[in-house]
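Notes follow the structure.
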Amino acid sequence: MIHNFEQSCTATHKRLLRFSKFANIFAWIILAIYFVQTIGQFIEFADLFRSDILQSADAGIAISFALNTFGYFVRGVIYWFLLIGVSLGLKILVQTDLNYRVKSQAVNNEQ
Amino acid sequence: MNNNLRKTIYENFLLKETDELVEIWVTNDRVEWSDTAFEVIQEVLEQRLDELPAQNEPIFEHEKQSIHNADDQDLPWSKFTDPENAPLLYKPMDILRMSSWLNQASRIAVVLFIIINNPELSKFQRLVMSYFSDNPQVDRLGLSIAIIYGGLAVILEGLIYYFSLKALAHILNILMEMEFNSRDVR
């Protein structure tokens, strides 16, 4: 059956599977980039507070900065979800089409 | 009123097949069917059958089963995770887990975006207010516009993420269902 399955895999299927793999890898890259960006923002935020610039600043600016930093991370996580979801969706689509192709081949062979 | 209702139910049940009535009688779902309905079914079945079949325990409350919640994997989802009939390209458990996460993330995203964008809202408010700085009489109008428009923009961004994540969760579930339906032909 797996033999049939592999035989049924066309160039389009392989391209879609490559795209799925790429989306999966890209998801992790995006997450890493946003995570690094969050850490960068946090360090900047901490430095500003350690320096004299923001010591007398009001709490509003501090909260705004903290939320902005947190926002980077949240966006990164959401993009990760979307890309991983797309990657999985493409795999299911290819699997579904292959299942039908294998059936079609089996019917043809019986005839 | 009761007689009329009973008569209507009786006439409706008379039109039903005996098998269908037996199924309702045996299932004994008291949530779906009223006591009067069961009295009428009993009457109809007594006319059609020699002996009434035994009833199950009465059902007074339906168990809540959310097919959208991937945590409820006992009944609807177990068929997907059968290792005997597993797909080659993906793991069904990954989909179920991702679907569950997407559903949770969609709800959390709305709240987080409203919180995160609050500073942006105050910036927007200052921007709108600057247009009305020359005319103190319309200050209140400017403030209202800032709150309404800025608030809408923030909520809309949250909703865009909400719908994207929610839609993706449903699409994954539907795709997996489609794939499952094509599996037995493999």
Q) Restricted to region B:113-134, and to residues that are within 19 Å of A:Phe73 (Cβ to Cβ) and in contact with a Phe, Trp or Tyr (Cβ under 8 Å, 6 or more places away or on another chain), which residue is nearest to the other protein chains (Cβ to nearest Cβ)? A) B:Ile116
Q.
When the residues of region A:93-109 are narrowed to those that are facing another protein chain (nearest Cβ under 7 Å) and without any contact (Cβ under 8 Å) to a residue 60 or more places away in the chain, which ends up nearest to B:Leu89 (Cα to Cα)?
A. A:Gln95
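Only the coordinates and a few stated rules stand behind these numbers; no lab work does. As the structure is a prediction and not an experimental result, all values here were calculated from the model. Counting neighbours? That spans all protein chains shown, and the Cβs are built from the backbone with ideal geometry, glycine included.
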